[in-house]
Amino acid sequence: MTPDHEATLTADHGPYDLRATLRWLPLGRRDPTWSTDGAAVLHACRTASGPVTARVAPRRDGVKVQLWGPGTEAARPVLRGWLGLDDPIHTFEPEHPWVASAWTRHRGARLIRSPDPIEALWVCILQQRVTYAEAARGWRSLVLVHGEAAPGPGGLRVAPEPS
């Protein structure tokens, strides 16, 4: 399946670890909006222009990104932020010993900006006052029942529209 957009993005400052950066974003191992394809990560989300599926594969100096769906044009300008490639790690100097220790062990992890703040909000809300497993089950059910099939490869689903 031919992508609607392809780009190679580089990490400007220091090492970059795609898996460490995106590791905590899926809600549970069976989150229907996330998948892996070998070393690549696939994610389906909603943009103002519609759903988009992104396939992100690590490269030595950054990532290769492929996009499918009507949300491609809306996703393109926010890709660097979503993948944490705009995180200014060159200016980060942790003072607390625990933070400094974690930073030493996980130098390639970056802070991201979500391309879909409503999805991020739902995931946070679903985790309130329940166990993680219950929240993951609730999210999976919500997406499977009320979401829609995502464009592109991977058989992913997109979270329902906020309305």
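For the range 90-116, give me each residue that is farther than 29 Å from Thr33 by Cα, open to solvent by less than 90 Å² (accessible area, probe 1.4 Å) and outside any helix (DSSP H, G or I). Pro94, the sole residue that qualifies.
One residue alone among Val158, Val130, Val123 is β-branched (Val, Ile, Thr), surrounded by 12 or more Cβ atoms within 10 Å (Cβ to Cβ) and touching a Leu at 6+ places or on another chain (Cβ under 9 Å), and that residue is Val123. Identification of strands (runs of 3 or more DSSP E) wholly contained in the range 1-79 with 3 or more residues that are at pLDDT 95 or above and open to solvent by 60 Å² or more (accessible area, probe 1.4 Å) yields no element. Can you name every residue in the range 118-162 that is farther than 21 Å from Val52 by Cα and in a loop (DSSP other than H, G, I, E, B)? Matches in the range 118-162: Gln127, Gln128, Arg129, Val130, Thr131. Just the residues that are among the polar types (S, T, N, Q) and either within 16 Å of Ala109 (Cα to Cα) or under 16 Å from the mean Cα position of the chain (by Cα) (or both), please, taken from the range 4-21. If the condition is that a residue be among the polar types (S, T, N, Q) and either within 16 Å of Ala109 (Cα to Cα) or under 16 Å from the mean Cα position of the chain (by Cα) (or both), then Thr10, Thr21 are the ones that fit.
Per this entry, Thr72 is counted among residues that are among the β-branched types (Val, Ile, Thr), within 18 Å of Pro151 (Cα to Cα) and out of contact with any helix residue (DSSP H, G or I) (no Cβ under 7 Å at 6 or more places or on another chain).
The values are calculated or read from the model by the stated rules, or taken from the named source; none is laboratory data. Note that the coordinates shown come from a computational prediction; the quantities given were computed from them, not determined experimentally. Every residue, glycine among them, receives a Cβ derived from its backbone with ideal geometry; neighbour counts consider all protein chains shown. Please note that ligands, DNA and RNA were not included when accessible areas were found on the heavy atoms of the full protein model with its side chains. Shrake-Rupley method; radii C 1.70, N 1.55, O 1.52, S 1.80 Å.
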